[in-house]
Amino acid sequence: DCFSDNTHYSHFYDAKGIRNVYLGKYQRVDGSVVEGPSIASLVAAKAPDVDKQLQDELQATENAMQAIVDAAGRGDTFDVLIAGGNDAGNALVQAAVDALTTQTRSLEKAIQALELGDIELEGSDSLDNPSAVGAES
């Protein structure tokens with residue numbers, strides 16, 4: 001979505017989707033679970049420590065995104081959370097960004113463990129080099 005009162009859900013379900021794909025598992029609205037082959041099982045076979053770390057980090061990201069959804073449920077939608085002067089809201093969003101950044105490093109380790117070659121995960125100027133954002137060229 002562009003930027004709306006549902007942005008918190010977009011971010012939450014993006015994170016949940018990444019976790020679902022990695023685990024090869026999806027919980028339907030009715031509570032039933034669909035399971036199939038997983039990337040996690042492939043990574044666990046080659047590097048169980050990387051798999052465990054990545055699963056923990058995927059859960060941490062989902063938890064951080066849930067905190068943003070919970071805040072929106074109290075009326076603090078995403079635009080409110082990122083507003084200047086909202087230190088608590090900014091901290092919630094930063095925690096989610098930090099969790100995503102951390103899980104990306106483990107995804108890179110999983111790619112290496114699976115010997116997938118030269119796969120590059122695209123970064124973000126604002127995350128990779130925050131001091132360069134807004135700097136004049």
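Points to keep in mind about this one:
- Which listed residue is surrounded by 13 or more Cβ atoms within 10 Å (Cβ to Cβ) and either modelled with pLDDT of 95 or more or touching an Asp or Glu at 6+ places or on another chain (Cβ under 8 Å) (or both), from ALA15, ALA88: ALA15
- The residue that is farthest from the chain's Cα centre (by Cα), counting only those in the stretch 39-52 that are surrounded by fewer than 18 Cβ atoms within 10 Å (Cβ to Cβ) and either closer than 16 Å to THR102 by Cβ or among the charged types (D, E, K, R) (or both), is LYS46.
- When ASP87, ASP56, ASP79 are checked against the criterion of being acidic (Asp, Glu) and either in contact with a His (Cβ under 8 Å, 6 or more places away or on another chain) or closer than 29 Å to ILE111 by Cα (or both), ASP56 stands alone in meeting it.
- Filter result for GLN55 (surrounded by fewer than 19 Cβ atoms within 10 Å (Cβ to Cβ), of a type in the set (S, T, N, Q), more than 19 Å from HIS11 (Cβ to Cβ) and touching a helix residue (DSSP H, G or I) at 6+ places or on another chain (Cβ under 7 Å)): yes
- Count - residues of the stretch 49-85 that are among the β-branched types (Val, Ile, Thr), in a helix (DSSP H, G or I) and at pLDDT below 95: 1
- Within the stretch 1-38, tally of residues that are in contact with a helix residue (DSSP H, G or I) (Cβ under 7 Å, 6 or more places away or on another chain), closer than 18 Å to GLN103 by Cα, in a helix (DSSP H, G or I) and among the hydroxyl-bearing types (Ser, Thr, Tyr): 1
The values are calculated or read from the model by the stated rules, or taken from the named source; none is laboratory data. The structure displayed is predicted, hence computed values, not measured ones. Please note: Cβ atoms are built from the backbone with ideal geometry, for glycine as well, and neighbour counts cover all protein chains shown.
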